[in-house]
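Reading through the structure tokens given below for one structure.
The values are calculated or read from the model by the stated rules, or taken from the named source; none is laboratory data. Only a predicted model underlies this, so the values are computations on that prediction, with no experimental measurement involved. Here Cβ is always computed from backbone atoms with ideal geometry, including for glycine, and neighbour counts include all displayed protein chains. Only protein heavy atoms, including side chains, enter the accessible area calculation; ligands, DNA and RNA are left aside. Shrake-Rupley method; radii C 1.70, N 1.55, O 1.52, S 1.80 Å.
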Amino acid sequence: MRRFEIALPTSVDECVKALSGAGVKLVAGGTDLLPQMKNGLLRPATVVDLSGVAALRALEADAKGLRVGAAVTARTLERDARVRGPYASLADSGALVGSVQVRNLATLGGNICNAAPSADMAPPLLALDAEAVIAGPKGQRRVPMLEFFTGVRKTVLGPDELLVEFAIPAPGPRSGGSYIRHTPRRELDIAVVGVASQVTLSDGVCAKARIALAAVATTPVRATAAERALEGQPLTPARIEEAARLAVEAARPISDQRGSVEFRRHLVRVLTHRTLTRALERAGA
Ligand SMILES: Cc1cc2nc3c(=O)[nH]c(=O)nc-3n(C[C@H](O)[C@H](O)[C@H](O)COP(=O)(O)OP(=O)(O)OC[C@H]3O[C@@H](n4cnc5c(N)ncnc54)[C@H](O)[C@@H]3O)c2cc1C
């Protein structure tokens, strides 16, 4: 690995100042960044270590929703009761990242800012209507997660901006969510397809549905036709099957060594069916 300077800020403002230089990269858990530096894909002159910025590790839940700091780890999301209940799809996804050792380092912000199409923690954030809170030299701005990703490994973040936290609205009573992915190996593998579903029930019908897919396009995507087919309807097995079929329309997968287009489309249907069924159970149906 090439030599680099290390900066150790203790506040978000200090991070923003440190980002004003040339060739600067942020590091949270380092589980994406360090392999990229070792492979020579990235050669930063300065690495800004976020581990001393307490504000980035905030995790606060109230009646309005959940605030999750960018540096909260996958392991915390997997285990924290405030996440596992109402935001179960996020806890599901955290529990699937790497191994326990990786999850103790890997952060939610790192997973999202690395912007791999297969990132496991992205679909739950889309399905939960989360917003990213971003800090830069001009202050803070909020971006809906649906607009955050702009391409493979590309996001709306400017070079002088950092992700501070995610604001997730409370799903409300009679809501449930689920994230499931398919991998050929049980652990330490990348999603061939991942699906997050989120439903809210009211008066015997589905008041709100969200379905988000990973690893089937250049960015995580919402399956909006499938969502529309569910909203205002009772969630019968036939409706769920129809939504699973419609979710395939949102997928634009490629064939690669880990799966063909046809296999990925099949997985979208199967995993949408499974996540909707589990979300419905968790909503107390
Ligand atoms: C063995 C192994 C297994 C893995 N398994 C999985 C898996 O199953 N599923 C999965 O999705 N991923 C997996 N990953 C990838 C990785 O662990 C995750 O993406 C992880 O969440 C990245 O978080 P991090 O804190 O380590 O990010 P880092 O490596 O620290 O950073 C990643 C990128 O995000 C940027 N960044 C970090 N924090 C911020 C911030 N606050 N604001 C702006 N930019 C920021 C960094 O500059 C860098 O470009 C695996 C990695 C390894 C090594």
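At-a-glance table
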{"item": "Loop trypsin sites (Lys or Arg not before Pro), the stretch 177-250 (other Cβ atoms within 10 Å of the site Cβ: 13 or fewer; DSSP)", "result": "R185, R186"}
{"item": "Proportion of all alpha-carbon pairs of the stretch 67-168 beyond 23 Å (%)", "result": "20"}
{"item": "Three-way shape call for the stretch 1-85 based on the alpha-carbon gyration tensor, with the a/c threshold at 1.5", "result": "oblate"}
{"item": "Those lysines that a straight Cα-Cα span of less than 30 Å connects to K38, excepting residues fewer than 8 apart in one chain", "result": "K17, K25, K154"}
{"item": "Cα-based shape type of the stretch 136-224, given that a ≥ b ≥ c are square roots of the gyration tensor eigenvalues and the cut on a/c is 1.5", "result": "oblate"}
{"item": "Rounded to whole Hz, the Karplus (6.51, -1.76, 1.60) HN-Hα couplings of the stretch 213-227, x for glycine and proline", "result": "10, 10, 6, 10, 6, 5, 10, x, 10, 9, 9, 6, 5, 5, 4"}
{"item": "Approximate spin-label separation H266-V102, in nm, with each point projected 7 Å along Cα-to-Cβ", "result": "2.5"}
{"item": "Heavy-atom accessible surface of the stretch 205-285: percent carbon and sulfur, 1.4 Å", "result": "51"}
{"item": "√(5λ) per eigenvalue of the Cα gyration tensor, the stretch 112-179, largest first, Å", "result": "23, 16, 7"}
{"item": "Relative contact order computed over the stretch 166-285 (Cα-Cα under 8 Å; 6+ residues apart), in percent", "result": "30"}
{"item": "CD proxy at 222 nm, helix term only [per DSSP H run n ≥ 4: -39500 (n - 2.57); per residue of the chain; nearest 500]", "result": "-8500 deg cm²/dmol"}
{"item": "Antiparallel %, DSSP beta bridges [both residues in the stretch 1-116], to 5", "result": "40"}
{"item": "Beta bridge orientation in the chain: antiparallel %, DSSP, nearest 5", "result": "85"}
{"item": "The stretch 56-113 versus the stretch 139-192: alpha-carbon centroid distance in Å", "result": "11"}
{"item": "For the stretch 186-263: accessible area per residue (Å², 1.4 Å)", "result": "46"}
{"item": "Inter-site label distance for S255 and T218 at 7 Å from Cα along Cβ, in nm", "result": "2.2"}
{"item": "Most fluctuating residue given options Q198, Q36, Q257, as computed from a GNM of the chain linking Cα atoms under 10 Å", "result": "Q257"}
{"item": "Compactness relative to 2.2 N^0.38 Å, alpha carbon Rg of the chain", "result": "1.00"}
{"item": "Extended-chain gain in nm, criterion 0.36 nm per residue less alpha-carbon gap, A63 and E5", "result": "16.6 nm"}
{"item": "Under Karplus coefficients 6.51, -1.76 and 1.60, residue-wise ³J(HN,Hα) of the stretch 148-162 in Hz, glycine/proline x", "result": "6, 8, 10, x, 5, 6, 10, 9, 6, 5, x, x, 9, 10, 10"}
{"item": "Accessible area expressed per residue, the stretch 1-119, with surrounding protein chains retained (probe 1.4 Å, Å²)", "result": "49"}
{"item": "Overall form of the stretch 129-285 per C-alpha gyration tensor (a/c, 1.5; a/b vs b/c)", "result": "oblate"}
{"item": "The stretch 14-78: GluC sites (Glu not before Pro) in DSSP loop, at most 12 other beta carbons within 10 Å", "result": "none"}
{"item": "Of all DSSP beta bridges in the stretch 24-70, antiparallel share, percent nearest 5", "result": "50"}
